[in-house]
Amino acid sequence: MHQQKVLVTACRFGRLRQRVAVAFMPRQYFKVSKPCWNANSRHFSLSSRVAGNSSVDATPDSPYTLIHVTQQDGLRTITMNDKKTRNSLSLHMMNELISAITKDKSSKELRCIVITATNESPVFSSGHNLKELTSDQGVAAQKNVVSTCTELILSIRNAEVPVIAVINGLAAAAGCQLVASCDFSVATEKSSFSTPGASFGLFCSTPGVSVSRAVNRSTAAFLVLTGQSLSAKDALNANLVTKVVPEEKLESCVQEIYKSISSKSRSVVQLGRQFFYEQLEMPYEKALREGENVMVRNMQLKDCQEGLQSFKAKRHPAWSHNDDKVS
């Protein structure tokens, strides 16, 4: 009887470790899903597959090898595709993401950025590549990895347009941090989110910074201290993701969001987005007072006056998308 109890306990513990370790298991353990962002289209497609092994980039002279970047009608789509490491945020991957996010960031042709993953892996991102963090790499190299991750997260915050994460699978550790750092996110019902670093000896300290600013304290503590995952529904309830939709509605949901963003003045959205994040760190009264100044600055934009005039005339505004001021 004692042996049977020990066996049952061991089995349960084994299943728990299996769930925690899912982001770091060899790819053959995963069932590859079909839905993906169609890299050859401006639309989010659930029916097509992105071809290729370590790269999906169809442009021969592209500087990217782990991601594919397209931009059409103002929508820049960044698709991670490193199936060998389950889209880990390796140093190489992070540098490519930073480059893709910051390229021509002030161009008024850019209206929104989407970060997603190819269908070649059912993992949005498994977090840091742990091979880059072992002691034989040296302290300087370890510091470079985590510092580059911070630069990646700040590149999202400092973008001039909204950045959306689109998830159709697992987002773990720094991959979960990437989701939490975007302005908002859309996930399918099968998606899940975790910060399991402590289970492998490396506490998710920096992921916890971003996650704790997206969810309440107890949920953030649960994620980083237990390593257990949140389902898409739980992540929605915790405000880690913004919308959860069935796979077949993912395309229309993302397109509806982008249509709403692109219908507005880029300069107005940029000004408002910047202050929105600044005021989160301010005391309440200071935020209100500073908000007064920002609104007055907003009113001096030609695009603001165009919007007000179009409202009075009951017509669609003709945005310039620049920072020109009224005389």
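The values are calculated or read from the model by the stated rules, or taken from the named source; none is laboratory data. Remember, predicted model here, so these are calculated numbers, not experimental data. Here Cβ is always computed from backbone atoms with ideal geometry, including for glycine, and neighbour counts include all displayed protein chains. Protein only, heavy atoms only, side chains kept; ligands, DNA and RNA dropped before computing areas. Shrake-Rupley method; radii C 1.70, N 1.55, O 1.52, S 1.80 Å.
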- Task: Residue by residue through the stretch 211-230, note down the ones that are crowded, with 20+ Cβ neighbours inside 10 Å and among the hydrophobic types (A, V, I, L, M, F, W, C).
- Result: 211, 214, 215, 220, 223, 224, 230
- For the stretch 96-137, what are the residues that are open to solvent by less than 70 Å² (accessible area, probe 1.4 Å) and free of Cβ contacts under 8 Å to residues at least 24 places away in the same chain? 107, 134
- Pair list, Cβ under 8 Å, 6 or more apart: the stretch 69-86 residue closer than 21 Å to residue 122 by Cα and in a strand (DSSP E or B), other residue of a type in the set (A, V, I, L, M, F, W, C) and open to solvent by 40 Å² or more (accessible area, probe 1.4 Å): 77/69; 78/69; 79/69
- Task: Working only within the stretch 109-157, note down all residues that are touching a Ser or Thr at 6+ places or on another chain (Cβ under 8 Å) and in a loop (DSSP other than H, G, I, E, B).
- Result: 111, 118, 119, 122, 126, 127, 128, 129
- Query: Within the bounds of the stretch 186-204, is there any residue that is under 14 Å from the mean Cα position of the chain (by Cα) and open to solvent by 50 Å² or more (accessible area, probe 1.4 Å)?
  - Reply: no
- Name the residues in the stretch 231-245 that are in contact (Cβ under 8 Å) with a residue 24 or more places away in the chain and open to solvent by 70 Å² or more (accessible area, probe 1.4 Å), would you? 233, 239, 242, 243
- Have a look at 146, 139 and point out the one that is among the hydrophobic types (A, V, I, L, M, F, W, C) and closer than 21 Å to residue 199 by Cβ. 146
